[in-house]
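The values are calculated or read from the model by the stated rules, or taken from the named source; none is laboratory data. Everything numeric in this text was worked out from a predicted model, so none of it was measured. Cβ sites come from the backbone with ideal geometry, for glycine too, and all protein chains shown count toward neighbours.
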Amino acid sequence: MLHPCTVHLAGRPILGKRRPATRYVPLPSLNSKKVQFPSRGSRLRCQGGDPVHPAIFTMTASSRGAFAALGRIQSTPRVCRQCARVQIRAPAPSRAYSGAAAAAATTTTTTDAPPPPPPSSKVSKPTDPKAAAADITIPPPSIRAGVILTRAPLLTRPLTDFEQSYFFYQKRLNERLTMPFITSVYFKPDTPALIDWNMKVKDRKGTVAKELGVYNGKASTAWDDELAVGDGLSKHDKAVELLLKDAVMRVSDDAEIIPEEDRAPPEALAPRVSEADIQGDQTRLDRAMERTLYLVVRKAGRKKDVWEFPAAGLSTEENLHEAAQRILDDTAGVNMNTWMVGRGPAAVHVAKTQVRRGELFERGSKTFFLKGRIMAGQADLTANKFGYKEFKWLTKEELAEVLEPGYYNNVRGMMVDR
């Protein structure tokens, strides 16, 4: 906004009725260094909040606002805002880089210090066990190599009830979608195999599949391919029973029907539960055939025997995989066909250094475990060099019961669920 006052250049009166031209000049900003005034015989109107130096202006009395503007102009300080905002900083303190300055500083700071105590021939030992432990030189942890030898599952896992029902439904659906079975493609006419096939299909009431029961995928009732609740036809044991029954030959090579008492039964499937599972023998490899087994050994501890994976110290002239193979041979013998999966560790166990009563109780160690597979053979601890007494092949859940909690938590990450 414009000031209500009109200022004239000092010492230049206005002559005649003709009024000189009036200019509106903005006030100088804070960054400006000089003030430029209008030409002679012209007026200057103040524009802005900060007036120019009041010494060279005179105010007219034609307006009441002129007195207010005059008081404001005369009360304006002679220092501009930019200069007033400049902070005067003190010079940075100099640093004493010379020896004289350092000596002077030392003299001024050490004059008030108390004199040192007189030397004493007896030094009192610290009574705090923590202070005593701090004086002990703790050696770095030793490096050890170990082997986690595994036996892969021998059987697939058993199917759940839902999976068995699903696969049974897929088999019946396949009977509906496939082309009719043409016997002339697979059997020659008037042969014992064709006679045997016709007898078995007649017993199944025309069903081609052997383990689906009575079901015709081409009949008008083929849509009814689901079993009732509680029907055991989809179970694995029932399917094995039907397949073994169909495998019995009823016709001899002379195209004669064999009596039922003279028919030779086929060889049955081996049970999923082995003799080692029944006896509870954990040293045999034919136990828990649908699970992964891990070799653990037992050695004497400070208070009781402990179970662990085969491990020993690492020399400076061998790598991890070389040391792991050597430790496995020295532990379980050479009557095993084994294979190291990789050359990098699969797990690591860190044992901290133990200090008791101001003395080193047990040195810490870092054990790097490599994963291995056993293909054939069996472990033999008769000539082992590490004092192991017993070995077992255990599952993941069984390892959690015999291993130390901290030891098991460090190695369980490399174990599979099955």
Inset, instruction - Could you tell me whether any residue of the stretch 376-392 is without any contact (Cβ under 8 Å) to a residue 60 or more places away in the chain and in a strand (DSSP E or B)? - result: yes
Legend entry - Close pairs from the stretch 238-267: first over 23 Å from Glu211 (Cβ atoms), partner part of a helix (DSSP H, G or I) and modelled with pLDDT of 90 or more, Cβ under 9 Å, at least 6 apart: Ser252/Pro192; Asp253/Pro192; Asp254/Pro192; Ala255/Pro192; Ala255/Ile195; Glu256/Pro192; Ile257/Ile195; Ile257/Met199
Legend entry - Residues that are touching a Gly at 6+ places or on another chain (Cβ under 9 Å), part of a strand (DSSP E or B) and surrounded by fewer than 18 Cβ atoms within 10 Å (Cβ to Cβ), drawn from the stretch 341-354: Val350, Ala351, Gln354
Inset, instruction - Run Thr338 past the list (1) assigned to a strand (DSSP E or B); (2) loosely packed, with under 13 Cβ neighbours inside 10 Å and report the number of the one that doesn't hold. - result: (2)
Inset, instruction - Considering only the stretch 355-385, state which residues are surrounded by fewer than 14 Cβ atoms within 10 Å (Cβ to Cβ) and within 22 Å of Arg144 (Cα to Cα). - result: Phe361, Glu362, Arg373, Ala383, Lys385
Inset, instruction - Determine, yes or no, whether Ser234 is within 15 Å of Tyr166 (Cα to Cα) and in contact (Cβ under 8 Å) with a residue 60 or more places away in the chain. - result: yes
Inset, instruction - Mind counting the residues in the stretch 194-227 that are of a type outside the set (S, T, N, Q) and either assigned to a loop (DSSP other than H, G, I, E, B) or not assigned by TED's automatic domain parsing to the domain that holds Val251 (or both)? - result: 20
Inset, instruction - Can you tell me which residue among Gly372, Gly413, Gly364 is at pLDDT 95 or above and small (Gly, Ala, Ser)? - result: Gly372
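Here is a yes/no grid of residues against (1) more than 30 Å from Val416 (Cβ to Cβ); (2) out of contact with any Asp or Glu (no Cβ under 8 Å at 6 or more places or on another chain):
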position: Trp223; (1), (2): yes, yes
position: Leu242; (1), (2): yes, no
position: Val251; (1), (2): yes, no
position: Arg284; (1), (2): no, yes
position: Lys299; (1), (2): no, no
Legend entry - Breaking point among (1) of a type outside the set (Ser, Thr, Tyr); (2) free of Cβ contacts under 8 Å to residues at least 60 places away in the same chain; (3) closer than 18 Å to Tyr388 by Cβ, for Gln282: (2)
Inset, instruction - Run Ala133 past the list (1) surrounded by 13 or more Cβ atoms within 10 Å (Cβ to Cβ); (2) at pLDDT 80 or above; (3) part of a helix (DSSP H, G or I) and report the number of the one that doesn't hold. - result: (2)
Inset, instruction - Find the residue count for the stretch 137-188, including only residues that are out of contact with any Lys or Arg (no Cβ under 8 Å at 6 or more places or on another chain) and part of a loop (DSSP other than H, G, I, E, B). - result: 13
Inset, instruction - Residue by residue through the stretch 208-226, note down the ones that are closer than 16 Å to Asp246 by Cβ and free of Cβ contacts under 8 Å to residues at least 12 places away in the same chain. - result: Val214
